[in-house]
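Participant: I am attaching a structure below and will ask some questions about it afterwards.
Values in this text are rule-based calculations from the coordinates and carry no lab data. What you see is a predicted model, and the numbers here were worked out from it, not measured in a lab. Positions of Cβ are backbone-derived with ideal geometry, glycine not excepted, and every protein chain shown enters the neighbour counts.
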Amino acid sequence: MIDCTSAVRRLWNFIELELSDHERDEMEEHLAFCRRCCGEVEFAEELRAFLKDSARPALPTDAEARLNQCIDAIEKHQ
């Protein structure tokens with residue numbers, strides 16, 4: 001069975017489903033008894049969801065160019 005240090009190192013790969021079957025089984029076995037690491041996984045999943053939901057779409061290229069021109073013009077006048 002893995003310890004907490006190993007579980008934390010695998011945390012994001014676990015959430016992203018990037019572990020091998022064996023590594024995933026080890027994580028699930030550890031999480032079955034370790035409340036602290038379960039809390040870490042829950043927090044990481046909530047954080048990931050928050051960041052995903054709060055992401056803003058990129059500006060269209062032409063809008064970004066116009067914005068940069070405006071910023072340059074303002075900086076020249078200061």
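Participant: What relative contact order, as a whole-number percentage, does the chain give when Cα pairs under 8 Å and 6 or more residues apart are counted?
Facilitator: Relative contact order for the chain comes out at 29 percent.
Participant: Which is the longest run of the chain containing none of the GluC sites (Glu not before Pro) found in DSSP loop states (not H, G, I, E, B) with at most 15 other C-beta atoms within 10 Å?
Facilitator: By the stated rule (loop sites, at most 15 other Cβ atoms within 10 Å), 19-78.
Participant: Using a 4.7 Å cut-off between beta carbons, which cysteines in the chain end up with no partner cysteine at all?
Facilitator: Cys with no partner Cβ under 4.7 Å: Cys4, Cys38, Cys70.
Participant: Between Ala55, Ala63, Ala32, which gets the highest mean-square fluctuation from a Gaussian network model of the chain, Cα cutoff 10 Å?
Facilitator: Maximum among the listed residues: Ala63.
Participant: Let me ask another. So what is the 222 nm mean residue ellipticity for the chain from helices alone, if each DSSP H run of at least 4 adds -39500 (n - 2.57) and you divide by all residues, rounding to the nearest 500 deg cm²/dmol? Mind dumping the intermediate values first?
Facilitator: Values: 4 runs with 59 residues, N = 78.
Estimated from H runs of four or more residues: -24500 deg cm²/dmol.
Participant: Right, next: Give me the net charge of Glu26's neighbourhood, meaning all other residues with Cβ under 11 Å from the Cβ of Glu26; Lys, Arg count +1, Asp, Glu -1. Please list the in-between numbers first.
Facilitator: On the way: positive: Arg10, Arg24; negative: Asp3, Asp21, Glu23, Asp25, Glu28, Glu29.
Value of the local net charge: -4.
Participant: Using a simple charge model, +1 on the beta-carbon of Lys and Arg, -1 on the beta-carbon of Asp and Glu, nothing else, what dipole does the chain show about its Cα centre, in debye to the nearest 20? Intermediate values should be presented prior to the final figure.
Facilitator: Numbers: 10 positive and 18 negative charges, 87 e Å.
With Lys and Arg at +1 and Asp and Glu at -1, about 420 debye.
Participant: Answer with one residue from Ile74, Cys4, Cys37: the one whose Cα lies farthest towards the positive end of the charge dipole of region 4-76, charges on Cβ with Lys, Arg +1 and Asp, Glu -1.
Facilitator: Ile74
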